1. When you scan region 1-38, how many residues do you find that are assigned to a helix (DSSP H, G or I) and either at pLDDT 95 or above or farther than 25 Å from residue 116 by Cβ (or both)?
2. I want to confirm something. Restricting to region 169-188 and keeping residues that are within 20 Å of residue 115 (Cβ to Cβ) and under 19 Å from the mean Cα position of the chain (by Cα), which single residue is least open to solvent (accessible area, probe 1.4 Å)?
3. In region 141-168, how many are assigned to a loop (DSSP other than H, G, I, E, B) and under 26 Å from residue 103 (Cβ atoms)?
4. Among the residues in region 78-85, are any surrounded by fewer than 15 Cβ atoms within 10 Å (Cβ to Cβ) and modelled with pLDDT of 95 or more?
5. Out of the residues in region 134-165 meeting the condition of being free of Cβ contacts under 8 Å to residues at least 40 places away in the same chain and open to solvent by less than 50 Å² (accessible area, probe 1.4 Å), tell me which one is farthest from residue 119 (Cα to Cα).
6. Within the set of pairs 6 or more residues apart or between chains, which connect a residue that is farther than 17 Å from residue 179 by Cα and in contact (Cβ under 8 Å) with a residue 60 or more places away in the chain inside region 213-226 to a residue that is among the aliphatic types (A, V, I, L, M) and assigned to a helix (DSSP H, G or I) with Cβ atoms less than 9 Å apart?
7. Taking region 87-114 only, how many residues are without any contact (Cβ under 8 Å) to a residue 60 or more places away in the chain, of a type outside the set (Val, Ile, Thr), surrounded by 12 or more Cβ atoms within 10 Å (Cβ to Cβ) and touching a strand residue (DSSP E or B) at 6+ places or on another chain (Cβ under 8 Å)?
Amino acid sequence: MKRMIGLVLLLAVQAASGFAGERACPGQPAVLVASEDGEAYVEICAAAEKALAFLGRYALHLKQPVTIDIVEEKIDNHGYLAYGSYQSGQQRIRLMSYAAILANAENPTMYDEPFDRVHYAGVVAHEVAHAVVDQHIKVKKFAMAPQEYLAHATQLAVLPEARRTAIIQAMKVKPWEGGDSVSHIYMAMNPGKFAVKSYLHLTSLAEPAGFIQILLNNNWLYVHVPKG
């Protein structure tokens, strides 16, 4: 009887903590997915692996495990629908299921394209990038601009080349240039252009390590792009 009571208590603790149903991704054991949907698990793990591979080029890796909780309800972001959100300090990502996004958003789009499975993978990558950057960033008070720079660059990076090229061509913007200010205000005005400018800038740097350190140590509301 005592053994049975102990087992019941253990299962209750696991359920309360969100442990029940969590599975580590095969290629990235530091990423756990809380979902009973096998197809979603495979899809999300594949996107997370691509995101971590891209960020790994810049010496940005997960220092601690992160859990992705798949939810069926809306995620509110100051009155707006967010497809995903990273909970800083908890090492958890809340991610709407693909079906939930289609059910709760009227004609959903991403970067001015109809939202589909390809862009869903991009959303996964975006939130994983937030988790990685949060574990490396030095000044979290002003983290929005550098976080979004790397998250959007990663989101574009995991897309198939043809889709990424089409988005880049449609946005008609150049990379961030020396003297520019990378700000969340610009991102709020046009996420697609912000993403393209960030991706093009990051991938064009011959020695990106220096700029990565600027992002991680940023202590102001925007990131100043150095000249030369």
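The values are calculated or read from the model by the stated rules, or taken from the named source; none is laboratory data. Please read these numbers as outputs of a predicted model, since none were measured by experiment. Because the Cβ atoms are built from the backbone with ideal geometry, glycine has one as well, and the counts that use them run over all protein chains shown. Each accessible area value is taken on the protein alone, full model and side chains, heavy atoms only, with ligands, DNA and RNA left out. Shrake-Rupley method; radii C 1.70, N 1.55, O 1.52, S 1.80 Å.
1. 16
2. 187
3. Selection size over region 141-168: 3.
4. no
5. By that ranking, first place goes to 147.
6. 216/133
7. Of the residues in region 87-114, 9 are without any contact (Cβ under 8 Å) to a residue 60 or more places away in the chain, of a type outside the set (Val, Ile, Thr), surrounded by 12 or more Cβ atoms within 10 Å (Cβ to Cβ) and touching a strand residue (DSSP E or B) at 6+ places or on another chain (Cβ under 8 Å).
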